[in-house]
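Here the structure is laid out as structure tokens; the discussion comes afterwards.
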Amino acid sequence: LREIDRILPRSGGAPPDPAFLADVQSGFSARQKSVPARWFYDHRGSQLFEAITRLPEYYPTRTERSILAARAGEIAALVGPGRAVVEFGSGSSAKTPLLLRAVAPACYVPVDISGAFLRESAAALGRSFPDLPIHPLEADFLEPLSLPDGVAGAGALGFFPGSTIGNMEARDAVDLLRNMAATLGADARLVIGIDRIKSPDILVPAYDDAQGVTAQFNLNLLARINRELAADIPIADFRHLVRWNDDAARIEMHLEATRDLAFTVSGRRFAMRAGETIHTENSHKYGRRDAALLLRASGWTPLAEWTDADDLFAVILAGA
Ligand code: AVI
């Protein structure tokens with residue numbers, strides 16, 4: 001991180017993103033300090049997340065990929081050809097070819113908040129699918145989206161893999177799933193990946209890997225705040241902390257201050273005691289019935305569900 005900080009100083013004194021600054025300053029002002037997990041994903045954060053997906057402990061990505069590989073034909077048969085595919089939070093689009101190859105879509109709309117990353121991966125996908133129209137959309141998919149002409153309102157197929165839904169509180173998840181139904185149009189379909197509740201012996205290492213990549217991912221948030229929000233957080237005095245919250249059925253990631261410390265963010269001063277944490281992420285896990293209830297509460301009807309032999313992860317097809 002230090003190295004990256006030296007190579008990539010805050011770009012030319014660009015003004016801070018007001019939404020980022022507001023989230024950080026208000027999150028740091030609360031009794032339990034927090035920053036919304038969406039701010040993990042600058043270019044470096046997106047790269048680190050990609051590295052996480054390849055870790056031996058991080059089972060979700062490879063498990064979901066193997067479910068999609070085995071079931072893409074079944075999904076395609078249920079969905080039918082010629083729909084636009086809209087991927088929410090596409091990242092590196094690593095699982096997308098499995099779906100695109102099977103469903104014969106009219107076009108592909110990857111939506112991601114990280115513009116540079118989006119363009120890189122859209123270009124790579126374009127090389128594999130030279131005849132497929134691709135319309136990358138740099139946007140926060142939590143906000144209402146306006147899809148390109150011809151895609152809006154045409155019963156598109158939404159693709160929301162990776163259990164990203166788990167990073168939201170239930171009420172925000174319901175809002176998002178409802179918005180997706182509205183965005184995708186009448187008779188839409190949704191393929192969504194949802195991580196299951198399982199033993200903390202599997203869950204905790206998935207977020208606290210032996211190589212420390214997830215720790216770097218978590219700490220990169222502080223580096224980003226320093227770089228983009230004129231802050232001086234002493235990153236070396238924080239450590240990555242992971243806990244399973246059984247009551248809320250979620251993994252929590254925190255950054256714990258290892259000593260009493262103080263810092264400023266765009267001129268505002270904050271202090272932390274040793275042992276105090278900044279809550280940076282929730283990753284909710286869902287049982288089979290919980291996931292079906294979540295979808296139904298959001299206006300979607302579960303049509304089919306596929307899982308792996310160990311029931312680690314589920315891929316669900318739903319209709320609006
Ligand atoms: C993107 N999201 C589904 C990941 C997760 O598993 O909640 C983010 C992540 N955080 C730490 N490791 C992975």
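Okay, here's what the table says:
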{"item": "Diffusion constant of the chain at 10 °C, which comes from Stokes-Einstein with the Kirkwood Cα-pair radius and 1.306 mPa s, µm²/s", "result": "78 µm²/s"}
{"item": "Within the accessible area of the chain (1.4 Å probe), percent carbon and sulfur", "result": "52 percent"}
{"item": "Over segment 194-310, relative contact order from alpha-carbon pairs under 8 Å, at least 6 apart, %", "result": "24 percent"}
{"item": "Accessible surface, per residue, of the chain when the full set of protein chains is kept, probe 1.4 Å, Å²", "result": "43 Å²"}
{"item": "C-alpha long axis of helix 43-53 to longest principal axis of the chain, angle in °", "result": "60 degrees"}
{"item": "In nm, spacing of pseudo-spin labels at L142 and D187 (7 Å Cα→C-beta vector)", "result": "3.4 nm"}
{"item": "Rounded to 10°, Cα long-axis angle of helix 213-228 versus longest principal axis of the chain", "result": "70 degrees"}
{"item": "Net charge dipole size for the chain [Lys, Arg +1 and Asp, Glu -1 on Cβ; Debye, nearest 20]", "result": "100 debye"}
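The values are calculated or read from the model by the stated rules, or taken from the named source; none is laboratory data. The shown structure was predicted, so the numbers you read here are calculated from the model rather than taken from an experiment. When we count neighbours, we look across all protein chains shown, and the Cβ atoms used for this are built from the backbone with ideal geometry, even at glycine. Ligands, DNA and RNA are excluded from the accessible area calculation, which covers all protein heavy atoms including side chains. Shrake-Rupley method; radii C 1.70, N 1.55, O 1.52, S 1.80 Å.
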